[in-house]
Every structure is written in C-alpha cells, then in structure tokens.
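Beneath this line is the structure, given in structure tokens, with notes to follow.
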Amino acid sequence: MEIVLSKILAQIQHREDKLSSQMMPAAEEAYKMTLFLREMLCNVKSQVLKTGFKDEQQEIEFFRNIKPQILGKLIYYNKVFRIETTCPVSTGKIHQNFYENLLKNLKSKYKESIWNEDFYRYYRAGRTDRDHTYFRLGQINYHDGLKSGVFEIDLSFSTYYDNKISYIIANELLYTYMLTKINPGENPDTILQNVDANKDISWTNSQNALIELIYALYASNSIAYGKMGIRKLALIFQVLFRTPLNNIHHSFHRMKTRAGSRTAFLDQLKISLEEYMDKDI
C-alpha cells in the first residue's frame with residue numbers, strides 16, 4: 001500500500017480551490033468539502049484494509065500524518081457547516097456574540113480535553129520516541145486510563161491517537177475561522193479581495209519555512225511599516241498560498257531553540273538567490 005501525504009494534501013487543496021473559485025455560500029462549500037473528504041477517507045480505509053502496510057514505518061506515517069489530515073479537515077468542514085446553518089443572523093452584534101461564544105466554548109473544551117494531556121505535549125514537541133506505541137494498530141494500552149471514546153473507534157483503522165491529532169488539526173482550523181468571523185475587518189478573504197481566486201498560487205515548501213518567512217517580514221517591519229500584527233500577517237499568507245498554518249507561535253519558539261541554524265530557510269533563500277545570480281554572469 002502506498003498513500004503519499006503530498007498527493008493527499010494536493011487533492012484536498014485542489015478541491016478547496018475549485019469550490020472557492022465558485023464563490024458559493026460558506027455553508028454550501030463546507031457541505032461539499034465534507035462529502036468529498038468523507039469519500040476520500042472511505043477510499044483510503046478500503047485501501048488500508050485490503051493491502052495493509054509494508055512495514056512499521058509506513059504504518060506510523062499513515063496514522064501520524066496522513067489519516068489525521070483527511071479526518072481533521074473532515075471534522076473541521078462538518079463543524080463549519082453546522083455553524084453556518086445555525087448562525088441566527090449574518091451581521092451585527094448578535095452575529096459577533098454568536099461567534100465569540102463559540103470561540104470561548106472551543107477554547108474551554110480544547111483546554112479540558114487536549115491541552116493538559118501528555119500526548120498533546122508529546123505531539124507538539126515533535127517527539128517520535130513513542131510513535132511505535134501511539135501510531136500502530138493493536139497497541140492501545142487501557143491502563144493509561146483512556147477516555148471512553150476509545151471504545152467507539154474502529155480498531156482496524158484507528159490507533160486512537162490518530163483521532164486525537166485529527167481533533168487538534170480541526171480545532172486549530174476552527175480557531176482561525178472564528179477569529180475571521182469575529183473580526184471581519186481582518187478577514188483574509190477581504191484583505192485579498194483583489195487576488196484572482198482562480199490563480200494557481202501554492203506554497204510548496206514546509207510550513208516551518210513559511211512561518212520563518214512571515215516572522216522575518218514582521219520583525220523587519222517590511223510590511224505596512226511594521227504596523228500589521230503577526231496574526232493578521234499570518235492569515236494573509238494562509239489565504240494567499242491556500243495552506244493552513246498550525247500554531248505559529250509554538251513553531252516560532254521551537255525555531256528559537258532548534259539545533260543548527262535558527263534561520264535555515266532564510267539561509268537557503270540567500271544561497272539560492274546567489275546561485276541564480278551567478279547563472280547570469
């Protein structure tokens with residue numbers, strides 16, 4: 001079995017771009033994405049159950065990185081559909097209060113169910129030393145005092161912890177979504193209203209590379225004379241390149257303490273530019 005993360009992400013992004021270009025209502029777009037991702041997840045599950053994994057590393061890669069990207073966005077778009085179809089009004093104070101209350105509840109539930117868990121810290125620290133127990137089938141240890149949701153999962157297609165990552169991804173996307181609803185003036189779709197929605201602009205490097213670039217532009221006051229906040233700047237880049245950025249502040253603090261160069265991407269940019277200049281000599 002060979003399911004490649006980059007291909008999965010490309011398929012999801014292509015469908016998102018296609019629906020976004022049709023300028024349909026948010027609820028309809030979320031509904032269509034929910035159906036698309038549900039079908040994708042079912043197809044991937046059939047493939048896994050039919051062929052299995054060639055080795056332990058492929059199994060870990062699937063349950064740590066691939067499945068959560070599909071399920072995480074499926075959970076996200078389904079929640080967006082439910083939110084958009086229950087919001088009482090489209091503008092005004094009631095509209096803002098509605099999303100502020102949702103955001104408050106999201107933070108509360110997230111803190112209660114995820115932030116305080118050892119696994120959350122493990123995942124956020126980028127550790128891999130326990131991947132063989134977290135992301136392999138049949139390795140669930142009930143002595144860990146797991147929540148009752150463990151009894152509802154399909155043990156032939158879940159390690160329990162892949163579901164946890166899916167909810168981390170979904171909730172972070174929801175957090176950004178709700179912020180743009182609460183602060184419509186900072187809605188990236190409004191900020192980038194002159195960008196051609198059909199234009200194929202995608203970020204093809206890593207998320208950390210993009211976050212490094214964003215912070216460099218922010219720290220150098222290169223955009224709006226430094227008057228634009230880091231969150232708003234990050235929202236613009238997420239929409240421009242159609243790529244979600246998970247907790248950018250956490251990623252930035254990890255960059256500050258990582259081994260080797262703390263500005264690896266910027267260093268490579270300088271090298272690439274100089275090599276390109278040398279071609280014309």
Inset, instruction - Return a yes/no flag: does segment 156-170 have any residue that is assigned to a loop (DSSP other than H, G, I, E, B) and modelled with pLDDT under 85. - result: no
Legend entry - Hits in segment 225-272 (condition: among the basic types (K, R) and without any contact (Cβ under 8 Å) to a residue 12 or more places away in the chain): K227, K256, R258, R262, K270
Legend entry - Pairs with Cβ under 6 Å, 6+ apart, first in segment 154-168 and in the same structural domain as E61 (by TED's automatic domain parsing), second small (G, A, S) and assigned to a helix (DSSP H, G or I): S166/G72
Inset, instruction - Look at segment 255-268 and say how many of its residues are surrounded by fewer than 16 Cβ atoms within 10 Å (Cβ to Cβ) and under 25 Å from Y110 (Cβ atoms). - result: 2
Inset, instruction - Mind checking which helices (runs of 4 or more DSSP H) fall wholly inside segment 18-132 and carry at least 1 residues that are aromatic (F, W, Y)? - result: 26-51, 67-84, 92-110, 118-124
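The values are calculated or read from the model by the stated rules, or taken from the named source; none is laboratory data. Since this is a predicted model, take the numbers as computed values, not measurements. Cβ: placed from backbone, ideal geometry, glycine included. Neighbour counts: every protein chain shown.
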